[in-house]
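Data first, discussion second: the structure below is written as structure tokens.
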Amino acid sequence: MSNIKELSTIIQDSSRVVFSQDIEPKYLSDQLGRKHGDASALVFPDSTQEVSAVLKFAHTNNIPVTPRGAGTNLVGSTVPHNGSIILDLSHLNHILEIDKENFTATVEPGVILEDFQKYVEGLGFFYPPDPGEKRASIGGNIATNAGGMRAVKYGVTRDYVMGLELVLADGTILTVGSKNRKDTTGLDIKDIVIGSEGTLAVITKCLLRLIGKPEKSQSILVSFDSLQAGIEAVPIILRQNLNPTAVEFIERKVVKLGEDFLGLKYPDPEAAAYLLLTFDGAAAEIDGAIEKLGQVLQGASRRVIILDGTAPELDAANIWKIRGCLVKAVEAVSEQEPLDIVVPIARVADFVEYVNKLENSSGMQMISFGHAGDGNVHLCVVRGGRSEQLWESELNANLEKLYAKAKELGGLISGEHGLGVSKRSYFFAETPAASVDLMNAIKKSFDTKGILNPEISYVK
């Protein structure tokens, strides 16, 4: 390997270049902190030009590069390998422009989603993508095409990316997309990059679409005597064209973990499961939708509860906090493997039924919740008291069964977390070879030497 210390001539601020022996362990892993890699250097560029210079150096010297945002990913996408350079983009964290006439925002990739949403809402705008991890970076959201709870009405991150400034593996700076709402002038390169987990290019600027802030938002909690009854109610709701913003399903046993973790409570604790819905838009439209919701679920549910804030357990913010903390709540009790399997909406009930049967037959706890409105089933597969060897062997066996069942139902192994390094073997097992070959051909056209995140699942 070339003299890695030459990076100090590219980024001359010594506080923004850290070499191998001094790199903090958190930069060698992801949010779960269980998979660790190795790196020769960690750099914090503060401009597109510095990103370009670092990539030119890496390309010339055949050094792998691992781009990194806020480090909130769950599948090892930010785990460096083979002495790579970690390219941390957290210093590129500025909101550069709000174009009020064209309803766009231009931001750097290190801007935190939560901060950005609060800022634009203060100006009367709305940025809908809403993954569970609000401290993720915008660049990380784009790299994984993050979805979240509002996807059922508003779509996913891809639907709000109009343009990108990219730096290719050899240091070339490229701008793709524009403020135009229509574009059929050639292949959409930005769409190819969205969801590519840092394997094709490094994002240095993001042109995002904004919409007007809804007049009102109202959350509703619907309780059921069984999870099956709750899931079966979802297509009934969707067929009524009530246009909910979010439709989440949660088992009571999962809610209890969140309640204990946060010290908060859900109403109707005798229920077996819940649907948590949000409606937003004009006040009259929402009121009509809620009234109709009560009518169509009469007899199918236990209670339809308007979260009006009149008591702590009726405070929408508290109820959503419990939903949002579920992965962390499970993690506080035991190590677990978080999954984000997606199946067609009509097969959610079938898949969850299979999960419950597998839990009983395997003896491994499997906690289900997720985005019922778009078929994204989140699972926490819990280690419990298993030894490392037993945990690894039983987990792998159960993951193979879960992913195979998802495929049988027309589903996929990832709806929004991405592939990372965690799903490599399962991806190859479930994906046609011709598709893998095409993905690798695209990878090679962007990155001829294969230096950008080369350990990600589809890269051979």
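Can you name the strands (runs of 3 or more DSSP E) wholly within the stretch 258-351 that have at least 1 residues being at negative phi and open to solvent by 40 Å² or more (accessible area, probe 1.4 Å)? Even if it seems obvious, please write down each step before you answer.
Working: elements: 273-281, 303-306, 336-342.
Because the criterion is at least 1 residues that are at negative phi and open to solvent by 40 Å² or more (accessible area, probe 1.4 Å), the strands (runs of 3 or more DSSP E) in the stretch 258-351 that meet it are 303-306.
Can you tell me which residues in the stretch 152-173 are closer than 12 Å to P109 by Cα and open to solvent by 10 Å² or more (accessible area, probe 1.4 Å)?
E165
Any residue in the stretch 407-427 that is open to solvent by less than 20 Å² (accessible area, probe 1.4 Å) and touching a Gly at 6+ places or on another chain (Cβ under 7 Å)?
Yes, there is a match, as at least one residue in the stretch 407-427 is open to solvent by less than 20 Å² (accessible area, probe 1.4 Å) and touching a Gly at 6+ places or on another chain (Cβ under 7 Å).
Test of understanding: among I23, I10, which residue is open to solvent by 30 Å² or more (accessible area, probe 1.4 Å), modelled with pLDDT of 95 or more and of a type outside the set (S, T, N, Q)? Working first, answer last.
Numbers: I23 fails: open to solvent by 30 Å² or more (accessible area, probe 1.4 Å).
When all the criteria are applied, what remains is I10.
Of the residues that sit in the stretch 132-151 and are among the β-branched types (V, I, T) and within 19 Å of S414 (Cβ to Cβ), which one is surrounded by the fewest Cβ atoms within 10 Å (Cβ to Cβ)? Can you show your working first?
Of all residues in the stretch 132-151, those among the β-branched types (V, I, T) come to 138, 142, 144.
With within 19 Å of S414 (Cβ to Cβ) added as a condition, the list becomes 142, 144.
On the way: I142: 25, T144: 30.
Filtering the stretch 132-151 for residues that are among the β-branched types (V, I, T) and within 19 Å of S414 (Cβ to Cβ), the one surrounded by the fewest Cβ atoms within 10 Å (Cβ to Cβ) comes out as I142.
How many residues are within 10 Å of S301 (Cβ to Cβ) and either touching a helix residue (DSSP H, G or I) at 6+ places or on another chain (Cβ under 7 Å) or not polar (S, T, N, Q) (or both) if we restrict to the stretch 223-235? Give the steps one after another, and end with the answer.
Of all residues in the stretch 223-235, those within 10 Å of S301 (Cβ to Cβ) come to 223-225, 229-230, 233.
Narrowing the set further to residues that are either touching a helix residue (DSSP H, G or I) at 6+ places or on another chain (Cβ under 7 Å) or not polar (S, T, N, Q) (or both) leaves 224-225, 229-230, 233.
Number satisfying all stated conditions: 5.
Name every residue in the stretch 407-427 that is in contact with a helix residue (DSSP H, G or I) (Cβ under 7 Å, 6 or more places away or on another chain) and either without any contact (Cβ under 8 Å) to a residue 40 or more places away in the chain or among the aliphatic types (A, V, I, L, M) (or both), in order of residue number.
Once the filter is applied, which keeps residues that are in contact with a helix residue (DSSP H, G or I) (Cβ under 7 Å, 6 or more places away or on another chain) and either without any contact (Cβ under 8 Å) to a residue 40 or more places away in the chain or among the aliphatic types (A, V, I, L, M) (or both), the stretch 407-427 yields K407, L409, L412, I413, L419, Y426.
Check the stretch 88-96 and report whether any residue there is at positive phi, of a type in the set (A, V, I, L, M, F, W, C) and surrounded by fewer than 22 Cβ atoms within 10 Å (Cβ to Cβ). Quick ask: steps written out before the conclusion?
Kept after step one, since they are at positive phi, are these residues of the stretch 88-96: none.
Scanning the stretch 88-96, I find no residue that is at positive phi, of a type in the set (A, V, I, L, M, F, W, C) and surrounded by fewer than 22 Cβ atoms within 10 Å (Cβ to Cβ), so the answer is no.
Go through the stretch 363-381 and report how many residues are open to solvent by 10 Å² or more (accessible area, probe 1.4 Å) and assigned to a loop (DSSP other than H, G, I, E, B).
3
Grab the strands (runs of 3 or more DSSP E) fully contained in the stretch 47-128, keeping just those with 2 or more residues being closer than 30 Å to T278 by Cβ. Explain how you work it out, then say what you get.
Details: elements: 65-68, 84-88, 95-99, 104-107.
Those strands (runs of 3 or more DSSP E) span 95-99, 104-107.
With the condition being in contact with a strand residue (DSSP E or B) (Cβ under 6 Å, 6 or more places away or on another chain) and farther than 18 Å from G195 by Cα, I'd like the helices (runs of 4 or more DSSP H) fully within the stretch 382-460 carrying at least 1 qualifying residues. Explain how you work it out, then say what you get.
On the way: elements: 388-408, 424-430, 433-446.
Passing ranges, in order: 388-408.
The values are calculated or read from the model by the stated rules, or taken from the named source; none is laboratory data. Bear in mind that the values here come from a model prediction, so they are computed numbers and not experimental data. With ideal geometry, Cβ positions are generated from the backbone for all residues, glycine too; neighbour counts draw on all protein chains shown. Note: areas computed on protein heavy atoms with side chains; ligands, DNA, RNA excluded. Shrake-Rupley method; radii C 1.70, N 1.55, O 1.52, S 1.80 Å.
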